[in-house]
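Colleague: Take a look at this one; I'll ask things after.
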Amino acid sequence: MSQSADLLINDQSYPLPILTGTEQEQAVDISQLRKLSKFITFDDGYGNTGSCESSVTFIDGDKGILRYRGYDIAELAEKSTFLETCYLLIYGNLPTATELSSLEARVAQFTELPPEVLAALKALPANTHPMAVLSCGLQALGGAFPDLSSNNKQQDLDNFDKSSSLIISAIRSIAAARYRFSRGEEFSGSEKSGNYCEDFLSMMFSSKDSNGIPEAVSKALDVIFLLHADHEQNCSTSTCRMIASGGANPFASVAGATSALWGPLHGGANMAVIKMLNEIHQSGDDGSKFIQSAKEGKSRLMGFGHRVYRNYDPRAKILKSACDQALDALGVDSPILDIARNLESTALEDEYFIQRKLYPNVDFYSGIILQAMGFPTDTFTVLFAIGRAPGWLAHWKEIASNGKRIHRPRQIYQGETLRSYTEIASR
Ligand code: SDX
C-alpha cells in the first residue's frame, strides 16, 4: 500500500502522508496542508473526515461490524454485562474478578444523590425535558464534587476512577429522581442489590423491591445499555471530545454530549420511532402507506438509516431478538411490534431503501422494548445516555491522556465582504 498521496493544486504537487489503522483503514493526513498550500479541505457534516485516532471502538459500516476494544458486539452482548463492558471501554481490557468487584463497589456507593443535586433537579421548571434535566443534573453533580471537576487536567485524570464510577452510577439516579419528581413522588434511592439494572429499575418503578421485576427484563435492559455503550465518533461522542479537548472536566463533557444526543436524528430517534409507530397504528395503516410517504420524501422512517452502516446495524439484530424475549417475559402483545416488523420487511425489499442502503439501526427496536418495560417515551433517550456514558467517559480519558491540541475546525466564509458602517438615519 502506498505511504503517501500527491495532491496537485495549480500545477503544484503536495505530498501528503497516508495513515493506516490497525484494521487497515487508510486516511490522507492533511495536518500540514494549510501550512504547505494555504488550502483547507471542505467536508460538510464530516462524512469523509477523521477527527482523531482512537483505540476505543471499531466500526466497519459496510460489513456491519462493531467491536469495543477488539471484542465483537454480539459476543459481548451474549457473554458480558454492561458494567463489565464499562470497565472494558474505560480501561481497555476485560477486568479481573477483583477489578470488576471494585468497580461494582464504587458504583454501588454512589447511587444516592447529594441533597443539593436533588434540590437542583427539583428547582427546574416542571416541563423541562428529561434530557435537559439530565444534562443539568450532571453539571450539578460535578459541582457537588469540585475536586473531581477541577478542570486541572492532571487532577481530573488522577481522580478519574472515582469520577467515572460516580457518573456511571449517578446518571441512573438523576434519571430516576426526575421521573419520581414528575409523578409528585420522592426519590428513595435504590435497594443496592449490586446489580446495576435491578437497582435502576427499583429506583424507577418500585419502592425498595426490585424482586418484582422479571430477571429477563433486567437482563434485556442490561443488553440495551451494553449495545449503546459506545459507537466511535458519533455526534454526541465527538461533542464530548470537542469539550474535553479544551481541558474541561468529565462532568462538563458528558453533560454536553447529553445535549447533543437529544436531537431526533441522533439519540432522540428512539422516541421518534415509537411516536411514528403509534401514529401509524392509530391511523389504521399497517405501515404500507407510511413507507410510501417516506419514499416520496414526505416522512422519515425513523430508526432506519445510518451515516456509517451501509448494512444492517449489528445492534439492531441483537435488539430484535431481545425484543421478542422481553415481550414474552412480560406477556406483552405489542401491536406496534407487528407494524415495526411489517415496516422492516417491506423496506428491506424496496428499491428506495436498498438503493440508499437504509437498514434498521439501533433505535428501531429499542423503543418497543423500553415501552413494554413501562418506561415513558420521553425517558427513552435518557436510557440511551445511561448506556452511552461509559463510551463518553472512555473518550474523555483518551483526549485528556493524549495531550493533543484543542479541537478548532476551519471554515469557508460565505458571508458579506468588507463594507462600511452606515448611520441609522441613512439605513
Ligand atoms: C444514531 O452516528 C452514530 O453512530 C449514531 C448512533 C450511535 O450509536 O451513536 O448509531 C445512534 O443516531 C442512529 C441513527 C438514529 N436516527 C434515525 O433513525 C433517524 C432516521 N435516520 C435518518 O435521519 C438518517 O438516516 C441519519 C440521520 C441516521 C443519517 O443521515 P445521513 O447519513 O446524513 O443520510 P442523508 O440524510 O444524507 O440521507 C441519504 C438519503 C436521502 O435521500 P436522497 O436525498 O438521496 O433522495 O437517504 C434518505 C435521505 O432522504 N434517507 C431516508 C432515511 N434516512 C436517509 N429516507 C427515509 N427514511 C430514513 N430514515
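Colleague: Suppose R0 equals 60 Å; then what is the FRET efficiency for residue 122 and residue 25 from their Cβ-Cβ distance, rounded to the nearest 0.05?
Modeller: It comes out at approximately 0.80.
Colleague: Find the accessible area per residue for the chain; the probe is 1.4 Å, ligands and nucleic acids are left out, and the unit is Å².
Modeller: That works out to 49 Å² for each residue.
Colleague: Still on this structure, I have one more. Sorted by accessible area (1.4 Å probe), largest first, how do 186, 104 line up?
Modeller: Final ranking, largest accessible area leading: 186, 104.
Colleague: From the convex hull of the Cα coordinates of region 156-257, what is the mean projected area in square nanometres?
Modeller: Value for region 156-257: 7.5 nm².
Colleague: Here's something else I'd like to know. What number, rounded to the nearest 500 deg cm²/dmol, is the helix-based mean residue ellipticity at 222 nm of the chain, given -39500 (n - 2.57) per DSSP H run of at least four residues and division by all its residues?
Modeller: -16500 deg cm²/dmol
Colleague: Which semi-axes, in whole Å and largest first, does the equivalent ellipsoid of region 120-216 have when worked out from the alpha carbon gyration tensor as the square roots of 5 times its eigenvalues?
Modeller: With the √(5λ) rule applied to region 120-216, the semi-axes are 26, 19, 9 Å.
Colleague: Charges on Cβ only, +1 for Lys and Arg, -1 for Asp and Glu, centred on the Cα centroid of region 1-158; of 19, 52, 123, which one is farthest towards the dipole's positive end?
Modeller: 123
Colleague: A 31 angstrom limit on the alpha carbon distance is what I want to check against. Which of 38/397; 35/153; 219/298; 79/162 exceed it?
Modeller: 38/397; 219/298
Colleague: Here's a follow-up. Taking +1 at the Cβ of each Lys and Arg and -1 at the Cβ of each Asp and Glu, which of 352, 367, 331 sits farthest along the dipole of region 309-380 towards its positive end, judged by Cα position relative to the Cα centre?
Modeller: Final value for the positive-end residue is 352.
Colleague: Right, something else. Taking a probe of 1.4 angstrom, what is the accessible area of residue 262 in Å², to the nearest 10?
Modeller: Result for residue 262: roughly 90 Å² accessible.
Colleague: Taking a cut-off of 15 Å between Cα atoms, list the aspartates and glutamates near residue 404, but don't count ones fewer than 8 places away on the same chain.
Modeller: Within the straight-line limit of under 15 Å, residue 404 reaches these aspartates and glutamates: 53.
Colleague: Pairs of alpha-carbon atoms within less than 8 angstrom and 6+ residues apart define the contacts here; what relative contact order does the chain have, in percent?
Modeller: 19 percent
Colleague: Largest first, please: the extent of the C-alpha atoms of region 1-116 along each principal axis, to the nearest Å.
Modeller: 64, 40, 24
Colleague: Follow-up question, since we're still on this one. Keeping all protein chains in the complex and leaving out DNA, RNA and ligands, what accessible area do you get for residue 307 with a 1.4 Å probe, in Å² to the nearest 10?
Modeller: It works out to around 150 Å².
Colleague: Which whole-number percent is the relative contact order of region 298-405 (Cα, under 8 Å, 6+ apart)?
Modeller: 38 percent
Colleague: Now for a separate question. Pop the C-beta distance of residue 62 and residue 420 into the FRET formula with R0 = 56 Å and round what comes out to the nearest 0.05.
Modeller: Computed FRET efficiency for residue 62 and residue 420: 0.55.
Colleague: On to the next question. How large is the charge dipole for the chain, taken about the Cα centre, if only the Cβ atoms of Lys, Arg (+1) and Asp, Glu (-1) carry charge, to the nearest 20 debye?
Modeller: Dipole of the chain, to the nearest 20 debye: 1280 debye.
Colleague: Moving on. For region 1-101, which chymotrypsin sites (Phe, Trp or Tyr not before Pro) are both in a DSSP coil and crowded by at most 15 other Cβ atoms within 10 Å?
Modeller: The qualifying sites are 39, 42.
Colleague: Counting only protein heavy atoms, what percent of the accessible surface of region 152-255 is carbon or sulfur at a 1.4 Å probe?
Modeller: 46 percent
Colleague: Take the Cα gyration tensor of region 256-395, multiply each eigenvalue by 5, square-root it, and list the three semi-axes largest first, rounded to whole angstrom.
Modeller: Working from the Cα gyration tensor, I get semi-axes of 23, 19, 14 Å.
Colleague: Using a 10 angstrom cutoff on alpha carbons, build the Gaussian network for the chain and name the most mobile of 254, 28, 56.
Modeller: Answer for the Gaussian network model of the chain: 28.
Colleague: Provide the FRET efficiency to the nearest 0.05 for the residue 332-residue 94 pair, computing r from the beta carbons and using R0 = 45 Å.
Modeller: 0.85
Colleague: Hey, what do the phi angles of region 351-361 turn into as Karplus ³J(HN,Hα) couplings, whole Hz, using 6.51/-1.76/1.60 and θ = phi - 60°, x for Gly and Pro?
Modeller: 3J(HN,Hα) across region 351-361, in whole Hz: 3, 4, 7, 5, 4, 8, 6, 9, 10, x, 10.
Colleague: A further question on this structure: How big is D, in µm² s⁻¹, for the chain by Stokes-Einstein at 37 °C and 0.692 mPa s if Rh is the Kirkwood radius over C-alpha pairs?
Modeller: Using the Kirkwood radius from Cα pairs, D works out to 141 µm²/s.
The values are calculated or read from the model by the stated rules, or taken from the named source; none is laboratory data. In this text the structure is predicted, and so the values were computed from the model without any measurement. Please note: Cβ atoms are built from the backbone with ideal geometry, for glycine as well, and neighbour counts cover all protein chains shown. Just the protein is used for accessible areas: all its heavy atoms, side chains included, with ligands, DNA and RNA removed. Shrake-Rupley method; radii C 1.70, N 1.55, O 1.52, S 1.80 Å.
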